[in-house]
Amino acid sequence: MEKGRMIAEGKTKRIFEAIGTEDEGCVGECVVVENKSDITAHDDPSLTRQFAAKAHYATTTTCRIFELLNACYIPTAYQRQLSETEFLMKRSEMVPLEVVARRYAVGSYLKRHPELTPADPKKPHRFHRLEVEFFLKTTGGKFGDVFSDLADKGGKKIDDPLIVNAKEDEWRLIHSKKPDWSEESALSVAQIPHQVGPEAIEKMDKIVRQLFLVLEKAWANLGIDLIDIKVEFDSLMRVSDVVDNDSWRLWQNGEQLDKQVFRDKGGAALDEIEKKYGQVAELVNQLRLPKQAIVFWRGSDKDPLPDNFPAVPGITIGKVALSGHKGTFEALKRLERIFSEFPQGGVIICSVGRSNGLGPILAAHSVWPVIACPATLKEFPDDIWSSLRMPSGVPLLTAWPEANALDAALGILAQTNPAAYMELQLKKESFDNFIA
């Protein structure tokens, strides 16, 4: 694969034609993205600086993040890394929007919502449900042929206004750093027709939530808080462009690991920012899906199986039919084989009828959580007692019906599995969308 002519150059990257690639589905459809050593701030070219390792750190971060997203079935245009500073992407027609997901109210959000300013800056307001916002991408106050004079009340050209009502037919634009209720939020262009379609907005809203939740848990596993993130989409609703340390806010015990220190201090912070970017580029190599299992264990082939098993990246569904009463030794041997195959852990769901001897035996010999799901509970309610009255040292859990047992198992694995966390948390936040 070779780089052809340069197609475009931005503030932090160059894009080239990809020639000769043999990647499946990529012949004539891919580009090479080359990161530059530039770091920018406040959309002001005069503030741009460079440090030698920036391109390497940005490429490492972007590629590892996209690889994790691809593993979690998040649609992206990313293909593979080519070198320390280059990677291969599907050719994309970009949507003229920046989509921001926020878990905490910081930065420009506080300028628009000063009422959420915390007493302690290290303890910002947390949104129970992710706050997702859409910003129109403009350059020098211009947006294609729609307008060329976007400016604030004082006549100063501004870029990237907030779209207050992205899901409505006509978009209302306001200053991205002024309160909506303030006269200073008014712009010279107040409204424009919808530019991408309501269905696309809904799709991007869902994908950015999925993406954030995957990365939120992945970083949380390393003791780091994902505060917010900015991404861009192409017309096929794939996450495109880059996702690197310029794209988010990361805090570790209140310390900022992202670009903010450069925004605050400028060139005086180059040594400090280089260390932070290097730290993130090193940590991002640890972001991965675990290899786990949910084992649905029945006492015999006659006990029922759930209709639908969850398909969650990183989690294998195992099925065992072996009695705890009649084949105790064989059951414990099978248990050891399962432990050997999945050293990163899992959950066992026991579905048995009549007296539950299987669940207590497995719970007594397993550090994995074991969940009993009484198969005959509806017909014989007393059967549940053989899953509840356990001796000491036998921490058997009980859930019914099978769908709840599966959700409980996913909830346990979601503490370390970003994909499982995303699946469950997305549902929980949709239930509680009235909570700020």
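Below is a table of values for the structure above.
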read-out: Debye log10 I(q)/I(0) for the chain, one point scatterer per Cα, at q = 0.07 Å⁻¹; value: -0.45
read-out: Nonlocal amide H pairs with Ala151, under 5 Å, H built at 1.01 Å; value: Ile158, Ser188, Val189
read-out: Student exercise, the chain dipole from Lys, Arg, Asp, Glu Cβ charges, in Debye to nearest 20; value: 1020 debye
read-out: Out-of-range pairs (alpha-carbon distance over 31 Å; input Lys275/Lys427; Lys217/Lys259; Lys11/Lys291; Lys3/Lys167; Lys203/Lys302); value: Lys275/Lys427; Lys11/Lys291; Lys3/Lys167; Lys203/Lys302
read-out: Which of Ile158, Pro124, His113, positive extreme of dipole for the stretch 97-195 (C-beta unit charges); value: Pro124
read-out: For the stretch 292-416, diffusion coefficient by Stokes-Einstein and Kirkwood Rh (Cα), 25 °C, 0.890 mPa s, µm²/s; value: 172 µm²/s
read-out: Gain in span if fully extended, Ala52 to Glu341, counting 0.36 nm per residue against the direct Cα distance; value: 99.7 nm
read-out: Global form of the stretch 214-267, assessed from the alpha-carbon gyration tensor, a/c cut-off 1.5; value: oblate
read-out: Mean Kyte hydropathy of -0.5 or more with a Cα span along the axis of at least 27 Å, helices from DSSP in the chain; value: 198-220
read-out: Segments 32-40, 185-193, 1-9 sorted - mean Cβ within 10 Å per residue, highest first; value: 32-40, 185-193, 1-9
read-out: Amide N of the stretch 402-430 lying under 15 Å from the label point, which is placed 7 angstrom from the Cα of Leu377 along Cα→Cβ; value: 402-409
read-out: Environment charge of Lys111, counting only residues whose C-beta is closer than 9 Å and scoring Lys/Arg +1, Asp/Glu -1; value: +3
read-out: In nm, spacing of pseudo-spin labels at Phe147 and His113 (7 Å Cα→C-beta vector); value: 2.4 nm
read-out: Gain upon complete extension [Glu93, Thr316; 0.36 nm per residue less C-alpha separation]; value: 76.7 nm
read-out: Inter-probe distance in nm under a simple model that places probes 7 Å from Cα toward Cβ, at Trp181 and Asn70; value: 4.8 nm
read-out: 222 nm mean residue ellipticity, helices alone, for the chain (DSSP H n ≥ 4; -39,500 (n - 2.57); rounded to 500); value: -8500 deg cm²/dmol
read-out: Electrostatic dipole magnitude of the stretch 150-282 [Cβ: Lys, Arg +1; Asp, Glu -1; Cα centre; debye, to 20]; value: 120 debye
read-out: P(r) tail fraction, the stretch 97-195 - alpha-carbon pairs more than 16 Å apart, %; value: 57 percent
read-out: Test item: Cα-centred dipole of the stretch 292-416, Lys/Arg +1 and Asp/Glu -1 on Cβ, debye; value: 280 debye
read-out: Nearby aspartates and glutamates by direct alpha-carbon distance to Lys111 (threshold 13 angstrom, same-chain neighbours under 8 apart not counted); value: Asp180, Glu184
read-out: Cβ-derived FRET efficiency at R0 22 Å, Leu426 paired with Ser355, nearest 0.05; value: 0.05
read-out: Cβ-isolated cysteines (cut-off 4.7 Å), the chain; value: Cys63, Cys72, Cys350, Cys373
read-out: Chain lengthening between Phe309 and Lys326 when straightened (0.36 nm per residue, less Cα-Cα); value: 3.4 nm
read-out: Local net charge near Leu283, Cβ-Cβ under 11 Å (Lys/Arg +1, Asp/Glu -1); value: +1
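Readers should treat all values here as calculations from the given coordinates under stated rules, not as data from a laboratory. Only a predicted model underlies this, so the values are computations on that prediction, with no experimental measurement involved. Cβ: placed from backbone, ideal geometry, glycine included. Neighbour counts: every protein chain shown.
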